[in-house]
Amino acid sequence: MLTNYDAKAVAEVMGIAFLRSSKVGPLPPASSSTTAKGVSKSPASGLGGDFVICVDDVLVLVVEAKMNNTFSQFNQSKGRANRNSDFKNDLVSSPSPVLIEKAVERGLPRQALRHVAEWLAGGDKAKASWLEWGVVPKTTLERRETQLSPQESERTERVARLFVHARRALGTEAEAREFMTTPHPQLDERSPVDAARTDLGARRTEQILNALEYGLAL
């Protein structure tokens, strides 16, 4: 991960939060079964898209947090706290890059992509759908009921990371949205969202943002 990787902001844009378990131990083996949609379910599947990861032998539940809601409001929501008695709403207030990485490897909740698209669209629902399909094709996304594949999760995280970087480099969310969705000459007239389909495209976008942030020559 980059040294200036803002894991807390990336998690916020993706609409996810992390709850620590009261138990310590290795993650139970994932079920060998897969859904009809082609994405393996985790041991915690059936929790509405929530799932468990293991970091330093501590189990962590990855859950959806509504965009623009405070984490305190999230903690008070009914149902979440009772889904698994091992998780006592011990919210990780400052997520680490490792937590994001483990969640991506496991496969982000399907709604994470929607959250990212809504941040980029600024309230335009039609544009949000269009942006989603730019990350995961529409026909594929329609088959994702609760969870994205690891590859789709990587693309989602890249877009969220670039948006956070653009917001920091440019100063406002409005400018970041415009940057992310506008074709750029340094990206072969692709938008950063389109370029982020590959890791190399995301790196090229980061070079542009670093130049804008620190006054460097491209």
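The values are calculated or read from the model by the stated rules, or taken from the named source; none is laboratory data. Remember, predicted model here, so these are calculated numbers, not experimental data. Here the Cβ is made from the backbone with ideal geometry for all residues, glycine too, and neighbour counts use every protein chain on show.
Given the residues GLY134, GLY122, GLY215, GLY171, which is the only one that is in contact (Cβ under 8 Å) with a residue 24 or more places away in the chain and at positive phi?
So the residue among GLY134, GLY122, GLY215, GLY171 that is in contact (Cβ under 8 Å) with a residue 24 or more places away in the chain and at positive phi is GLY122.
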Open item on the list: Quick check on region 93-111. Is at least one of its residues out of contact with any strand residue (DSSP E or B) (no Cβ under 9 Å at 6 or more places or on another chain), farther than 17 Å from VAL159 by Cβ and in the same structural domain as PRO192 (by TED's automatic domain parsing)?
Closed with: no
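Which one is farthest from the chain's Cα centre (by Cα) among residues in region 129-180 that are of a type in the set (Ser, Thr, Tyr) and closer than 13 Å to GLN111 by Cα? If you could, list the steps in order and put the result at the bottom.
Let us first name the residues in region 129-180 that are of a type in the set (Ser, Thr, Tyr), namely 129, 139-140, 146, 149, 153, 156, 172.
From the residues that got through so far, the ones that are closer than 13 Å to GLN111 by Cα too are 129, 146, 149, 153, 156.
Numbers: SER129: 16, THR146: 14, SER149: 12, SER153: 7, THR156: 6 Å.
Within region 129-180, the match that is farthest from the chain's Cα centre (by Cα) is SER129.
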- [ ] Give the residue that is surrounded by the most Cβ atoms within 10 Å (Cβ to Cβ), with candidates limited to residues of region 7-60 that are charged (D, E, K, R) and at pLDDT below 80.
- [x] ASP50
Open item on the list: Here is a list: GLU189, GLU213, GLU142, GLU154. Which entry is of a type outside the set (Val, Ile, Thr) and touching a Lys or Arg at 6+ places or on another chain (Cβ under 8 Å)?
Closed with: GLU213
Open item on the list: When you scan region 101-116, do you find a residue that is among the basic types (Lys, Arg), more than 21 Å from ASN4 (Cα to Cα) and within 11 Å of the chain's Cα centre (by Cα), even just one?
Closed with: yes
